[in-house]
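Notes to accompany the following structure.
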Amino acid sequence: MVGSKAASTARGFRVQQKESEDCTVVECFGRLTSENLPLLKDAMREACERKVRIVLDLREVPMMDSSGLGAVVTLHVSARTRGCSLEVVNASKQILELFSMTNVLSLFEATGRCGGRLM
């Protein structure tokens, strides 16, 4: 990776950005809930300004509530309107089930088909 930038909140949620030549990886650490959304949205906005391909890595996100789900959908739409693509990788079983129950999984199925690691 080319570079790295991290930010955190008082509730222990943390977002770290890593730059590579072809994308920005936004890694999340902790529970993705309504109180942590501003930090994620800021990181994604910055990432869209720098790269066309954004990868949201949820490996260290054990739980996401409905606010987190809504934020991921909003970020997906926002990225597309800015000419960026958003890929979600390393989602936990709980997050995959949430995506599946709400039909959000279909937004990111192309990630798995193209060699990504949604699951």
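The values are calculated or read from the model by the stated rules, or taken from the named source; none is laboratory data. Keep in mind that what you see is a predicted model, and the values were worked out from it rather than measured. Cβ placement follows ideal geometry from the backbone for every residue including glycine, while neighbour counts extend to all protein chains displayed.
List of remarks:
- Contact map, segment 32-47: first residue modelled with pLDDT of 90 or more, second residue of a type in the set (Val, Ile, Thr) and in a helix (DSSP H, G or I), Cβ cut-off under 9 Å, separation 6 or more or different chains; pairs are 32/72; 32/95; 40/72; 41/74.
- Among the residues making up segment 72-100, those that are of a type in the set (A, V, I, L, M) and crowded, with 21+ Cβ neighbours inside 10 Å are 72, 75, 79, 86, 88, 91, 95.
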